[in-house]
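A quick write-up on the structure given underneath.
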Amino acid sequence: MRAILSVSNKAGLVDFARQLQDMKVDIFSTGGTRKSLIEAGLKVRGVSDITGFPEILDGRVKTLHPHVHGGILARRDLEQHMRELEKHKITPIDMVVVNLYPFVETVARAGVTLEDALENIDIGGPTMIRAAAKNFPHVLIVVDPADYGAVAEKLKEGKIDLPFRKRLAQKAFQHVALYDTAISQYLLEGESFPSGLTLSLEKAYNLRYGENPHQPAALYVEKVAGRKPWGITQAKRESGPELSFNNFLDLDSAWNVVSDFEEPAVAVIKHTNPCGLCCNNDLVEAYRRALAGDPIAAYGGVVAVNRVMDIALATEVDKTHYDAIITAGYTEEALKLLGRKKSLRLVSFPQAARAPQERLIEFRTITGGFLAQMKDFFTEEEFKPKVVSKRQPTAREWDDLFFAWKAVKHIKSNGITLAKDRTLMGMGAGQPNRSVSCRIALERAGERSPGCVLGSDAFIPFPDTVELAAKGGVTAIIQVGGSIRDKEAIEAADSHNMAMVLTGVRHFRH
């Protein structure tokens with residue numbers, strides 16, 4: 001039996017090669033792989049012993065040869081193929097163990113040039129992988145070190161069945177596909193939505209189940225060439241059970257909310273919507289106000305803090321049952337206090353994992369396909385809103401209007417927020433009728449609604465929302481504008497001496 005070993009990831013390689021040698025497998029290798037095996041005391045020959053030709057072009061050409069690919073691609077069940085091998089003095093190759101240069105990691109390093117990137121594009125490796133995978137009924141292709149043990153065991157037993165070979169081949173083609181995707185991503189410039197687009201996803205682990213117990217689920221991490229891993233998949237679980245499907249959804253929403261505020265912020269999330277939110281330099285006070293937004297909904301929810309959680313804040317948070325907490329970090333005392341709750345997931349989000357500043361493409365699944373769009377970031381112009389009412393907002397109202405506007409971006413459409421003193425007093429989300437969302441927000445705010453400002457994620461199509469807000473004591477409104485009934489809404493605001501400003505930018509969240 002003949003095998004070619006040429007790997008970038010050398011984990012487990014020496015032990016696997018030693019087992020192959022013990023089974024009298026004839027091992028051939030190249031470059032750094034061969035050097036590692038020889039240093040480990042293994043008998044390994046160079047691929048040039050197969051080709052009869054030296055490596056050339058600084059190693060760019062070493063396995064691209066008929067004696068290599070003929071030996072891999074020949075079908076053992078076709079007499080014609082075997083006669084051709086004999087005629088050309090080509091010996092069959094029965095196993096190919098290859099994995100590719102870490103292109104994604106290479107181009108993510110600081111200072112990497114185009115020349116560096118091009119030098120790290122493997123040609124011979126993918127060609128050998130594809131050849132062996134194409135001929136998997138006759139050739140074993142191994143790209144994942146995690147499979148070394150199973151391959152060695154089956155070789156010892158002499159029972160390498162077709163389903164096992166097929167599984168290895170599938171992994172091999174996927175390995176090459178992810179590699180090619182990374183190169184394509186790196187070379188893509190100036191076009192956000194090209195005619196063809198592939199995603200590079202690496203499975204992190206299986207989840208217990210999805211949104212509901214009858215739905216199998218798993219976590220995949222997106223790998224993008226030239227960019228270090230980021231986002232909620234990079235959050236660190238400090239304590240508590242494994243994160244569930246719904247935990248990831250809520251934690252992602254929670255962190256997106258508080259990360260939109262530069263000042264200290266605390267959010268309480270339930271079913272991906274902020275039911276409580278407050279900005280305050282005193283984090284304990286911020287938490288108390290956020291919790292007061294809807295203390296019933298908060299039960300079993302998620303808390304997010306865009307600062308390090310200290311013992312004072314942890315002591316307050318500890319009084320309510322939550323599923324998870326995500327913060328910029330924890331003091332040792334806070335981690336010890338909260339960590340005693342075995343069912344509470346404590347998560348920290350490192351600075352390096354936060355979203356890069358450049359715009360990112362996000363995807364939404366639909367039946368049979370994906371929708372792609374640029375991630376919804378705040379724009380500079382929307383923080384220069386146009387006052388359309390007779391009355392100008394006061395300084396306090398301006399402060400709360402911007403807060404309400406940032407908050408409503410994270411609430412499911414139709415979204416309405418009521419805010420006062422940079423605190424979310426009430427919210428209405430996901431209602432087909434905007435006025436119903438307004439009613440819900442006013443109901444949640446209750447006696448706290450007088451003096452609030454209102455934020456609407458889109459234009460207000462009828463003056464009924466303004467009338468409801470006025471009855472609840474709302475003093476100012478921030479909305480997109482652009483409805484054919486804008487004039488009626490503005491007149492309604494003026495009739496109640498309410499200030500109204502238009503942003504010209506919408507933040508739907510379906």
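The values are calculated or read from the model by the stated rules, or taken from the named source; none is laboratory data. The model shown is predicted, which means the values in this text are computed figures rather than measured ones. A quick note on method: Cβ atoms are made from the backbone with ideal geometry, for glycine too, and the neighbour counts reach across all protein chains shown.
See the values below:
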| quantity | calculated |
| --- | --- |
| Output for the stretch 256-290, where each listed residue is without any contact (Cβ under 8 Å) to a residue 40 or more places away in the chain and in contact with a Ser or Thr (Cβ under 7 Å, 6 or more places away or on another chain) | I269 |
| Residues satisfying the stated conditions in the stretch 403-420, i.e. outside any helix (DSSP H, G or I), under 24 Å from P264 (Cβ atoms), of a type in the set (D, E, K, R) and touching a residue at least 40 places away in the same chain (Cβ under 8 Å) | K409 |
| Which listed residue is surrounded by 21 or more Cβ atoms within 10 Å (Cβ to Cβ), among the acidic types (D, E) and at negative phi, from D457, D494 | D457 |
| Helices (runs of 4 or more DSSP H) fully within the stretch 4-108 counting 1 or more residues that are surrounded by 15 or more Cβ atoms within 10 Å (Cβ to Cβ) and at pLDDT 90 or above | 13-22, 31-39, 66-73, 79-87 |
| Residue count, the stretch 359-393 (criterion: exposed (fewer than 14 other Cβ atoms within 10 Å of the Cβ) and either part of a helix (DSSP H, G or I) or hydroxyl-bearing (S, T, Y) (or both)) | 5 |
| Pairs with Cβ under 6 Å, 6+ apart, first in the stretch 188-215 and within 19 Å of V104 (Cβ to Cβ), second assigned to a loop (DSSP other than H, G, I, E, B) | S200/K223; E202/K223 |
| Subset of the stretch 187-242 [small (G, A, S), closer than 23 Å to A324 by Cα and outside any strand (DSSP E or B)] | G210, G231, A235, G240 |
| Selection within the stretch 1-55 - among the basic types (K, R) and within 18 Å of A131 (Cβ to Cβ) | R2 |
| Residue check, V284 in contact with a Cys (Cβ under 7 Å, 6 or more places away or on another chain) and among the β-branched types (V, I, T) | no |
